[in-house]
Amino acid sequence: MGLIQFAGNLLGLKREQAYPVPNSNRSLWGNDTVSGLTPEQLAKVLNEVRAGEIPARYLEIAQELEQRDLHYRSVLSTRKHAVVGLDLFVEAAGESDEDKEIALAVETDILKHADMTDLRTNALDALGKGFSVIEILWDTTGRRWKPGEFLFRDPRWFAYDKATGKLCLREAQGNALIPLEPYKFIVHEPNLLSGVQITGGLSFTALFYWLLKSYDVTSWAAFIDRFGYPVRIGKYGKKATETDIKTLKKAVAAIGSDVGAVFPDSMIIDIIESKTTGTNSAAYKVMAEWVNKEISKLVLGQTASAEGTEGALGNQQGQEQVRQDICHADAIQFEGTINRDLVIPYVRFNFGEREAYPKIRAKFVEARNVQMIVDSVVKLVPLGLPVDKAQMLNLLGLSAPSDGDELLTAPAAPDYFPPFNSAKPLSLNAEGPPPETEDDPPEADGYSLISDEIAEVLEKAIDKSGDLDSLKKELEKLATEWPPEKIAELLAVATFKARVQGQQDFEK
C-alpha cells in the first residue's frame, strides 16, 4: 500500500462507513417476515441464500428466530456465554523488552477496553447467522492510536459478492456492493461447516426444525381451545317455548364464562368431558420436545444440560465434555478474528510492521473431577507421592492462609491407645480410656491377669481344700497332671514378666 493511499485510509479511521440510512437497505428497523411464513416461502428463501443472492430477508428471519423461539435463544445464548466467560490474556510475540512493551500496550488499550465484553458478545452473533460485523472507530488524538468505539452493525446491511465471495457493504439505495475499508471492521466468520460461509450458520439448519415446531404448537393451541374444555349440552322438553329455549341458551353460555347459571327446573344441562383429550394432545407435546432436542444437538452438541436428561454421572460428564470441546473451538476461532482485525492493525499503527505480533488468547481450563483428584491425593501422599500445596489450593479454589488467620486443623488424637492384642475395639470418638467394668478389672502392681484355663484349675483346687496347706497340696497334685507343654508356657510367661519387672525396678 502506498503512502498516499495509506494516509487516505487514515483519514477515514474516525469516520463511519456502515452508517444507518432511514428507509433504505441500511434501515435500523425491520419487518415482520415470519408471521404467516409457509414451508414453500422458507424453501425459496433458503434456495436464494444457496444461490448467493443478497440474503437480507434470510438474516431478518434468522434474527426473528432468536426472538420468537425460547429454546433456540436459550441454547444459543448458553453457547455464546461459554466463550464470553473465558478469561483473556495477551501473549507477547517474544522475550525481548520491546515485545513485552508491545504486549503491555495491547493489554492496556484493547484487552482492558470498557466495551471488550460487548465486543465479544456481538462478534459471537456470527454463530447463528454465519457472520458478524463490528465497525471500529479509532481514537487518533493521543500518542498511541487506539480503538475508541466498537459499533455492532446489522448483518442485513451486508452481502457476499457472488464473484469474489467477499463480504461487502450494501449500498443504501440500490443493489450495488461496497468493499469494506481496511482496518475499519472486525468480521467474524466462524468455520462451523465447510463450504459457503453464509450457509454454515446455525440458523440455516435450525429454521427448518423451528418451522415444524411452529406448526405443531399452533395446532396444539387450536386443539386445546377446541377440545380442552368440557362440552356443555342443554336439554329442553317438547313443551318448551321459544322463551324457554333462549333462557337455556343463555344458561349454557353463562356456564362457560361465569361458571354459574339460573334456568327452569324442567330443563337439564349436561357437562361432558372428553376422555381422549390428554392422550391426543400428548402427540403435540412429543413433537415439540423432539424438535427442542434436535436444536440442542445442533447448538450444544448434546441434550443433557439443556433438557435435564437423567442418567448415570459418567454419561452426564461425557456429554458435558463434548460441549466443552465446542466451546474450545469457538474460543480459538474468536482469537483468530480479534488478532487479525484488531491487534495487528493496532500494532502496525503504533509500532510499525513486525515479523511476529502479540496475540490475545483465551484461558481455557478443562473441567476436572475435583473429588476424584482429592481422594487420590489422600491415598497416595502417605505412600510418598509429592504434591504441590499451592496446586491443590488452586484446584479447590482456595487462597493460601496469611499470618494471623484462624486455621482449621485435624482433631487431636486420643491419649489412650489399646494394646495391639486387645480384643476390645476403641471408639473413634473416644476422649480417654474406656470405662472400667466388672469383667475387665485394672492391673495392679505385683499382680497379673490369668487365663480362663488357669482360673478353672484354681477353682477346683479351692473347692477340694479346707485350709492353706491342703490347697498347696491340691495345687501340686493338679500341676503334676498338666502336660509338659503347658508347664513350659507358664514358665516362659513368668520368666519374661519377671525380667521386665526387674528391668523397670533397676531403672528406677
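The values are calculated or read from the model by the stated rules, or taken from the named source; none is laboratory data. These numbers come from a predicted model, not from an experiment. Backbone-built Cβ (ideal geometry, glycine too); neighbour counts: all protein chains shown. For accessibility, only protein heavy atoms count, side chains too; no ligands or nucleic acids. Shrake-Rupley method; radii C 1.70, N 1.55, O 1.52, S 1.80 Å.
Quick notes on this one:
- Selected residue (criterion: farthest from Glu64 (Cα to Cα)) from residues of the stretch 135-178 that are of a type in the set (Lys, Arg) and open to solvent by less than 40 Å² (accessible area, probe 1.4 Å): Arg170
- Selection count, the stretch 85-124, where residues are farther than 24 Å from Thr141 by Cα, touching a helix residue (DSSP H, G or I) at 6+ places or on another chain (Cβ under 6 Å) and in a helix (DSSP H, G or I): 2
- For the stretch 33-61, the tally of residues that are open to solvent by less than 10 Å² (accessible area, probe 1.4 Å) and of a type in the set (Gly, Ala, Ser) stands at 0.
- Pairs linking a residue in the stretch 184-212 that is under 13 Å from Asp125 (Cα atoms) to a residue that is hydroxyl-bearing (Ser, Thr, Tyr) and open to solvent by 60 Å² or more (accessible area, probe 1.4 Å), with Cβ atoms under 7 Å and 6 or more positions apart or on different chains, do not occur.
- With a requirement of 1 or more residues that are of a type in the set (Ser, Thr, Tyr), the strands (runs of 3 or more DSSP E) lying completely within the stretch 151-199 that satisfy it span 158-160.
- Selection from the stretch 11-32 of residues that are open to solvent by 40 Å² or more (accessible area, probe 1.4 Å), at pLDDT below 80 and either among the aromatic types (Phe, Trp, Tyr) or over 40 Å from the mean Cα position of the chain (by Cα) (or both): Leu11
- Only one entry of Ser194, Ser219, Ser132, Ser214 meets the criterion of being surrounded by 21 or more Cβ atoms within 10 Å (Cβ to Cβ) and either of a type in the set (S, T, N, Q) or at pLDDT below 90 (or both), and that entry is Ser132.
- Given (1) open to solvent by 50 Å² or more (accessible area, probe 1.4 Å); (2) modelled with pLDDT of 90 or more; (3) in a helix (DSSP H, G or I), number of the condition Ser203 does not satisfy: (1)
- Test: residue in the stretch 71-79 that is assigned to a helix (DSSP H, G or I), of a type in the set (Val, Ile, Thr), open to solvent by less than 90 Å² (accessible area, probe 1.4 Å) and under 28 Å from Gln333 (Cα atoms): yes
- Boolean, Pro147 is within 30 Å of Asp87 (Cα to Cα) and not in a loop (DSSP other than H, G, I, E, B): yes
- Residue satisfying condition, being over 22 Å from the mean Cα position of the chain (by Cα), free of Cβ contacts under 8 Å to residues at least 40 places away in the same chain and either under 18 Å from Gln302 (Cβ atoms) or open to solvent by less than 30 Å² (accessible area, probe 1.4 Å) (or both), within set Glu101, Glu64, Glu95: Glu64
- Filtered residues of the stretch 348-388 (kept if under 24 Å from the mean Cα position of the chain (by Cα) and among the basic types (Lys, Arg)): Arg361, Lys363, Arg368
- Residue that is farthest from Ile338 (Cα to Cα) [pool: residues in the stretch 125-134 that are assigned to a helix (DSSP H, G or I) and among the hydrophobic types (A, V, I, L, M, F, W, C)]: Leu127
- Filter result for Asp87 (of a type in the set (Asp, Glu) and open to solvent by less than 20 Å² (accessible area, probe 1.4 Å)): no
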